[in-house]
Amino acid sequence: MRPAMQNIAKSSFNNCLRLSKPSVQRSVIAFSQQSRSTSSKPNYEGHVPLSWFQTGLLTVGSAFMAITNPRRGDMVAALGETTAGPSLSWLRDQMLGSAEGRKILKERPRVNSSTVSMDQLAQLPDGTLGKAYVTWLERCGVTPDTREPVHYIEDPELAYVMQRYRECHDFYHCICNMPVNVESELALKWFEFANLGLPMTGLAALFGPLRLTPQKRARLFSEYVPWALKCGGSAKSLITVYWEERWTQNVEDIKKELGIWDAPPARWSRPLSEAKEAAERRARQASEGASNLKTPNA
């Protein structure tokens, strides 16, 4: 188990024991050890097997940490896994119901800077998904390498479905024209809950607004939430989209195909013009680098 998860689980476990009678303590320790022994073999690389008792402790601990400090991505990820329930099976069924989704499950592509060439995407024409995606990354100052790996889902295929959701989250931002800030993230959680049905997105959508100012909260519920529920609920299930095979496709055509329209205007921290300039600069550097490699030494 990763150190952060160990600390949360141990802390929750020890707190429970301190509040219990000695006889209860002995019973709980014995039960925990027995439960651990029945679920100790990993089912895939990075898998951390947990008993239902340990899962409960991790759920409580990660929920507390996720609410008090939403920047703890590892805790938010753990909460998403321990509360997923049957929603992942439903998402897998959605993928199995489409040719595009079945191909994703068969090939299991990953989205990070090792598997996707940002330099190549920057050289694509304006209006394509690839160019829009790399421009969005530049504008928001983020990379696709920050997604936590899955640890606590038993079934390897369902674990991949969760990983796929995480790694495609930025595509949802991009296609809906939404930046990375608290109110936009919450709006997208409402969208994802309507579209994908993951419990964690619903929990974030319900409790996240408590951290907003009254003015921002009012705008979230008056403008963004109605858009998110209507658009997310009527759009094609985004978990079935093979984004990496659509880099050269026109963004507006993709949105029409999926039934998506832009969210209400949001607050961006960086002008679009600057992001486009950064993307163009990346494209020029990539092109010059490729030309230098082709030029023979004198």
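The values are calculated or read from the model by the stated rules, or taken from the named source; none is laboratory data. Keep in mind that this is a model prediction, so the values were computed, not measured. Cβ coordinates were reconstructed from backbone atoms using ideal geometry, including for glycine residues, and neighbour counts include every protein chain displayed. Note: accessible area is taken over every heavy atom of the protein model, side chains too, but ligands, DNA and RNA are not part of it. Shrake-Rupley method; radii C 1.70, N 1.55, O 1.52, S 1.80 Å.
Sticking with the crude label model, points 7 Å out along Cα→Cβ, report the distance from Phe207 to Asn250 in nm, one decimal please.
4.4
Any idea how far apart Asn112 and Thr146 come out in nm if each label point goes 7 Å out from Cα toward Cβ?
1.6
Leaving out ligands and nucleic acids, note down the accessible area per residue over segment 30-134 with a 1.4 angstrom probe, in whole Å².
Accessible area per residue: 52 Å².
Can you give the accessible area of Lys230, probe radius 1.4 Å, in Å² rounded to 10?
The value for Lys230 is about 140 Å².
Per the Cauchy relation, a quarter of the hull surface: what is the mean projected area of the convex hull of the alpha carbons in segment 194-298, in nm²?
The Cα convex hull of segment 194-298, projected and averaged over all directions, gives 10.3 nm².
Send over the Kirkwood Rh of segment 152-195, from the inverse of the averaged 1/r over different Cα pairs, rounded to one decimal Å.
Kirkwood radius, segment 152-195: 11.4 Å.
With a 1.4 Å probe and every protein chain kept in, tell me what percent of the accessible surface of segment 120-231 is carbon plus sulfur.
Of the solvent-accessible surface of segment 120-231, carbon and sulfur hold 60 percent.
How big is the Cα convex hull of segment 125-190 in projection, averaged over all directions, in nm²?
With every direction weighted equally, the projected area is 5.4 nm².
On a C-alpha basis, how far is the centre of segment 202-262 from the centre of segment 170-192 in Å? Whole number, if you could?
About 6 Å separates the Cα centre of segment 202-262 from the one of segment 170-192.
Any idea of Tyr224's accessible area? Nearest 10 Å², probe 1.4 Å.
Using a 1.4 Å probe on the heavy atoms, I get roughly 10 Å².
Quick one: the Cα spread of segment 37-97 along its three principal axes, in angstroms, biggest first?
39, 31, 20
For Ser51, Ser287, give the ranking by accessible area with the largest first, probe 1.4 Å.
Ser287, Ser51
May I ask you to work out the translational diffusion coefficient for segment 102-236 at 25 °C, viscosity 0.890 mPa s, via Stokes-Einstein with Rh from the Kirkwood sum over Cα pairs, reported in whole µm²/s?
Approximately 151 µm²/s, per Stokes-Einstein.
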